[in-house]
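Notes follow once the structure below has been shown.
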Amino acid sequence: MTIVYDMNNNEASTPMPRWVPRAIALFWVGLIATVVMRELFHRLSSFILLLLVALFLALAIEPGVNRLAARGWRRGSGTLVILLAVLVFAGVFVGAIGTLVGSQAADLLKNSERYVNDTVDFMNTNFNTKIDPAEVNASIADPNGPVQNFIDNQQDKVLSLSVSALGMLFQLLSVLLFTFYLVADGPRLRRVICSRLRPERQRTVLSTWELAIAKTGGYLQSRLLLALLSTFFHWVAFQIIGIPAPIAMALWVGLVSQFLPVVGTYLAGILPALLTFLDSPFEALLVIAFILIYQQVENYLFAPRITARTLEVHAAVAFGAAIIGAAILGPVGAVLALPAAAMLQALASSWGERHDVIDSPLVHVAAKPVKRRRRGKKFFAK
């Protein structure tokens with residue numbers, strides 16, 4: 001370190017290095033920029049979520065729009081037709097489930113005393129309890145009791161629920177509008193993006209876009225196939241058990257269990273179990289038992305075969321992606337995480353150099369048996 005002396009040979013202070021003011025200024029600029037970006041992200045988080053959902057829907061329906069466009073349809077008309085079909089199906093499904101739940105709730109309120117007596121008799125018979133049904137009915141009918149207080153509190157929330165419903169409707173319309181423009185003007189949008197890039201960059205962008213469409217379409221295809229299988233088997237089981245509206249309940253379980261990863265099966269099973277519990281607690285136990293058994297059959301028999309053909313994602317990667325997506329964006333993030341993980345896994349697998357794997361017991365994979373089919377009296381390998 002250089003020491004500076006004044007004219008009287010006294011030691012003077014060392015001058016400040018030139019980089020210190022720049023470092024201080026850079027620190028404060030970075031801090032302010034971080035705070036501003038954090039505040040912007042907090043305020044725009046709902047808008048970013050809408051864009052992500054719209055992008056997911058756009059990637060999902062673009063293959064269908066491309067097929068319609070190849071047959072002479074305008075992209076705008078094809079996009080509108082597919083979006084309307086999705087809306088009609090969702091409206092019919094939600095309306096059917098809502099009507100069923102509303103009718104069951106009205107029946108519960110009308111015949112609450114009978115349901116309480118049946119439930120108490122079931123618990124006293126099977127669990128050796130000594131509950132008095134008259135006391136339970138008196139507690140429910142008490143104006144100052146917990147049940148009536150809960151009902152009164154829910155009535156006070158009607159206005160807030162109506163406002164929330166209007167907000168959700170506005171968000172739905174926003175998602176549909178963004179989806180429509182992303183698909184209808186998809187080629188033009190990609191042309192604008194590629195016009196700013198070099199040819200090799202254009203190929204990378206277009207191949208990535210194509211991969212995203214393929215993985216999202218594979219995700220939806222696998223989910224729909226699993227939902228159809230789940231709906232069919234649950235309909236057969238619910239029909240045998242004799243629960244109310246077996247077709248609607250089977251559709252509910254099939255769709256919710258497939259499009260809400262990790263916890264979808266258990267959330268979907270609550271509604272049919274509750275509706276069945278009102279008529280017969282024993283039948284409700286049968287419903288829960290079948291849902292749990294079918295989930296295991298699906299995990300080990302159906303899902304590996306279907307997802308291996310449509311969406312190649314390692315099970316651990318899918319599980320971790322669903323948890324991370326739910327932690328970041330909630331239930332919507334859990335739904336979007338799986339196709340995003342499939343796309344990232346495909347991109348990562350296409351990068352870098354590949355080498356032959358050395359021979360070791362740790363890397364031996366059991367070969368799949370060769371399937372043979374019969375033609376006449378001879379067998380031929382496929």
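The values are calculated or read from the model by the stated rules, or taken from the named source; none is laboratory data. Just so we're clear, the structure is a prediction, and the values are computed from it rather than from any experiment. Using ideal geometry, Cβ is built from the backbone for each residue, glycine included, and neighbour counts are taken over all protein chains shown.
Tabulated values for the structure
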read-out: Test set (1) modelled with pLDDT of 85 or more; (2) surrounded by fewer than 20 Cβ atoms within 10 Å (Cβ to Cβ) - Leu267 fails condition number; value: (1)
read-out: Flag if Leu229 is modelled with pLDDT under 90 and either more than 18 Å from Phe93 (Cα to Cα) or part of a helix (DSSP H, G or I) (or both); value: no
read-out: Filter pass, Pro272 being outside any helix (DSSP H, G or I), assigned by TED's automatic domain parsing to the domain that holds Pro331 and within 25 Å of Ser103 (Cβ to Cβ); value: no
read-out: Gly78 more than 31 Å from the chain's Cα centre (by Cα), more than 30 Å from Leu274 (Cα to Cα) and not aliphatic (A, V, I, L, M); value: no
read-out: Filter result (surrounded by fewer than 19 Cβ atoms within 10 Å (Cβ to Cβ) and under 21 Å from Ala105 (Cβ atoms)) within segment 284-300; value: Ile288
read-out: Among the candidates Val175, Val236, residue that is in the same structural domain as Leu49 (by TED's automatic domain parsing), within 25 Å of Leu251 (Cα to Cα), in a helix (DSSP H, G or I) and of a type in the set (A, V, I, L, M, F, W, C); value: Val175
read-out: Residue that is in contact (Cβ under 8 Å) with a residue 60 or more places away in the chain, among the aliphatic types (A, V, I, L, M), out of contact with any Phe, Trp or Tyr (no Cβ under 8 Å at 6 or more places or on another chain) and not assigned by TED's automatic domain parsing to the domain that holds Gly95, where the choices are Leu229, Leu206, Leu225; value: Leu225
